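Participant: The structure's right below; bear with me while I get my questions together.
Values quoted throughout were computed directly from the atomic coordinates according to the rules given, and no laboratory measurement underlies them. Predicted model only: the values in this text are computed from it and were never measured. In this analysis, Cβ positions are derived from the backbone assuming ideal geometry, glycine residues included, and neighbour counts consider all displayed protein chains.
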């Protein structure tokens, strides 16, 4: 990693508030989306992770896809399609997430089978379950945030969208 980057994720946590800056990849292969579930969670997300201090969103995207999926991407071909601001309550804290979503094409095709990996996320071991789903299957899954799920289901990833989700009474969008 380049010396200018900090190894610190862009996140701020205090007694009542958590802020996170994250990137995520939409990978489509054979008309199916790649989604992931972190062991212990009952919902799915798109592959990605926190941006490091000093790192651009595209650099973070390439790094996260390599770490989680094990493949290289051409960042010049990534297309930014959503800037998402997500506000919700979790464990009596206000969560504020800024997320940049990109369509991504791996340099080489990925396996068409589902798979699991163990990730070392800053010293914390996590099991990630990867699964391919069709647009129709996605309708019946709990993919978070829900605003992104709606963009995928409605095939609106070819246009730019700025989403603001405010669910301060309930759980994560």
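Participant: Give me the one-decimal nm value for the distance between modelled label points at residue 67 and residue 161, 7 Å along each residue's Cα-to-Cβ direction.
Facilitator: Result: 2.7 nm between the two label points.
Participant: Can you list, largest first and rounded to whole Å, the semi-axes you get for the chain by taking the square root of 5 times each eigenvalue of its Cα gyration tensor?
Facilitator: 23, 20, 17
Participant: Turning to a different aspect of this structure: Considering the alpha-carbon set of the range 52-114 alone, what are its Rg and its Dmax in angstrom?
Facilitator: Calculated on Cα positions, Rg and Dmax stand at 14.5, 43 Å.
Participant: Taking every eigenvalue of the Cα gyration tensor of the range 102-158, multiplying by 5 and rooting it, what semi-axes result, largest first, whole Å? The partial results should precede the final answer.
Facilitator: Details: eigenvalues 109, 48, 33 Å².
Result for the range 102-158: semi-axes of 23, 16, 13 Å.
Participant: A further question follows. How large is the Kirkwood hydrodynamic radius of the range 11-76, in angstrom, based on all distinct alpha carbon pairs?
Facilitator: The Cα-based Kirkwood calculation yields 13.3 Å.
Participant: Be a star and scan the range 84-104 for residues whose amide nitrogen sits under 11 Å from the point 7 Å along the Cα-to-Cβ vector of residue 17.
Facilitator: Counting only backbone N, you get 94-96.
Participant: Further question on the same structure: Could you order peptides 45-51, 63-69, 34-40 by the average number of other Cβ atoms within 10 Å of their residues, highest first?
Facilitator: Put in order of decreasing packing, that is 45-51, 63-69, 34-40.
Participant: Can you sort 56, 111 by how many other beta carbons sit within 10 Å, fewest first?
Facilitator: Final ranking by Cβ density, sparse to dense: 111, 56.
Participant: Tell me, 82, 71 in order of fewest to most beta-carbon neighbours within 10 Å?
Facilitator: On the way: 82 22, 71 15.
With the fewest neighbours first, 82, 71 line up as 71, 82.
Participant: Now for a separate question. What does the extension gain come out to for residue 43 and residue 126, with contour length at 0.36 nm per residue minus their alpha carbon separation? Working shown, then result.
Facilitator: On the way: separation 83, 0.36 × 83 = 29.88 nm, distance 1.49 nm.
Full-extension gain reported as 28.4 nm.
Participant: Rounded to the nearest 500 deg cm²/dmol, what is the calculated helix-only ellipticity per residue at 222 nm for the chain, with -39500 (n - 2.57) per DSSP H run of length n ≥ 4?
Facilitator: One gets -4000 deg cm²/dmol as the mean residue ellipticity at 222 nm.
Participant: Which of rounded, prolate or oblate describes the range 74-173 when judged by the alpha-carbon gyration tensor and an a/c cut-off of 1.5?
Facilitator: Cα axes put the range 74-173 in the oblate bin.
Participant: Here's something else I'd like to know. Quick check on packing: order 117-124, 90-97 by the mean number of other C-beta atoms within 10 Å, highest mean leading.
Facilitator: Output ranking for 117-124, 90-97: 90-97, 117-124.
Participant: For an R0 of 25 angstrom, estimate the FRET efficiency from the Cβ-Cβ distance between residue 105 and residue 138 and round to the nearest 0.05.
Facilitator: Efficiency for this residue pair is about 0.85.
Participant: Let me ask another. Tell me, 21, 160, 83, 33 in order of fewest to most beta-carbon neighbours within 10 Å?
Facilitator: 160, 83, 21, 33
Participant: Indicate, rounded to the nearest 5 percent, the antiparallel portion of the DSSP beta bridges found entirely in the chain.
Facilitator: Beta bridges within the chain, antiparallel portion: roughly 65 percent.
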